[in-house]
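Step one of this worksheet: look at the structure below.
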Amino acid sequence: MDKKALRLGFVSGLNYGGLDYRVGLWKLGWKIFQDESVKTVFLAGGLVDYRYLLPEYQGKVRKALNSKSKEAKASDVMAEVRKNFLEDLTKRLADLIPRIPGVKIRLLTSPAYDGWIGEEVALLLAEKRRDIYHYMSRLRYELVPSAQTLGVYVPVKGVWMRGDFASTPVARVLKDEKGRSSHGLCDLNVVGCFA
């Protein structure tokens, strides 16, 4: 292997908890990452399926509030349900996401796709596992061997713009990022959450 080569892995859209949950593809991806000796894996959005998990969480809150004792405060019950719900999701994902010795996982969450559930689970994952680092919606990464920068982005808001091309939502995310950043776009750019 060339000493100047830098091997990176990219994956998006586990959508844990949803109907289109893709654990098989993720396991295949991690096998490829291991075979290719990647040094960093970027999980670019879609860690959880927020739209599917939110009603499940709300149902647990309603059930807990209906069965609470008269002495218990509603806010305490809700806080306990939230804590247990997030910790359970974190434990399942920490066990599910494979580990490769020496490989760092840079996890980006998207407010549009992961919501607050994905954000909080990602923070807990970063606390629980030393190989996972969490970033919110974008990351500028220095590619040392080539002296270039890599931008990894996920949508901050739902991409409303439909178009004739599959690349239209990706172009929208990059356009928004270009307008938001004082640095402009990176030399290489990756956008997660889209097929």
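The values are calculated or read from the model by the stated rules, or taken from the named source; none is laboratory data. Predicted model only: the values in this text are computed from it and were never measured. With ideal geometry, Cβ positions are generated from the backbone for all residues, glycine too; neighbour counts draw on all protein chains shown. Side chains included, ligands, DNA and RNA excluded: accessible areas come from the protein's heavy atoms. Shrake-Rupley method; radii C 1.70, N 1.55, O 1.52, S 1.80 Å.
Kindly provide the set of residues from the stretch 5-33 that are more than 16 Å from Gly102 (Cα to Cα), touching a Leu at 6+ places or on another chain (Cβ under 8 Å) and hydrophobic (A, V, I, L, M, F, W, C), ordered by number.
Scanning the stretch 5-33 gives Val11, Leu14, Val23, Trp26.
Going by what's in this entry, would Ile100 be described as of a type in the set (A, V, I, L, M) and touching a helix residue (DSSP H, G or I) at 6+ places or on another chain (Cβ under 6 Å)?
It is true that Ile100 is of a type in the set (A, V, I, L, M) and touching a helix residue (DSSP H, G or I) at 6+ places or on another chain (Cβ under 6 Å).
Can you tell me which residue is most open to solvent (accessible area, probe 1.4 Å) among those in the stretch 114-163 that are over 24 Å from Leu96 (Cβ atoms) and part of a helix (DSSP H, G or I)?
Val144
In the stretch 164-195, which residue that is in a helix (DSSP H, G or I) and free of Cβ contacts under 8 Å to residues at least 12 places away in the same chain is least open to solvent (accessible area, probe 1.4 Å)?
Among those residues, the one meeting the criterion is Thr168.
On the basis of being part of a strand (DSSP E or B) and of a type in the set (A, V, I, L, M), does Leu107 make the cut?
yes
Say we look at the stretch 34-63 and pick out the residues that are of a type in the set (Asp, Glu) and surrounded by fewer than 16 Cβ atoms within 10 Å (Cβ to Cβ); which of these is farthest from Ile100 (Cα to Cα)?
Across the stretch 34-63, the extreme among qualifying residues is Glu56.
Every residue, every condition in (1) in contact (Cβ under 8 Å) with a residue 40 or more places away in the chain; (2) assigned to a helix (DSSP H, G or I); (3) not acidic (Asp, Glu), yes or no:
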residue	(1), (2), (3)
Gly13	yes, no, yes
Tyr21	no, no, yes
Gly29	no, yes, yes
Val38	yes, no, yes
Tyr57	yes, yes, yes
Leu65	no, yes, yes
Ser69	no, no, yes
Ala72	no, no, yes
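Which numbered condition trips up Thr90, out of (1) surrounded by fewer than 16 Cβ atoms within 10 Å (Cβ to Cβ); (2) within 18 Å of Trp26 (Cβ to Cβ)?
Condition not satisfied by Thr90: (1).
Return the residues of the stretch 11-26 that are surrounded by fewer than 17 Cβ atoms within 10 Å (Cβ to Cβ) and at pLDDT 85 or above; say none if nothing qualifies.
Listed by number, the list holds a single entry, Gly18.
Please state which of the following conditions Leu107 fails to meet, knowing it meets all the rest: (1) at pLDDT 95 or above; (2) more than 20 Å from Leu6 (Cβ to Cβ); (3) not charged (D, E, K, R).
So Leu107 meets the others, but not (2).
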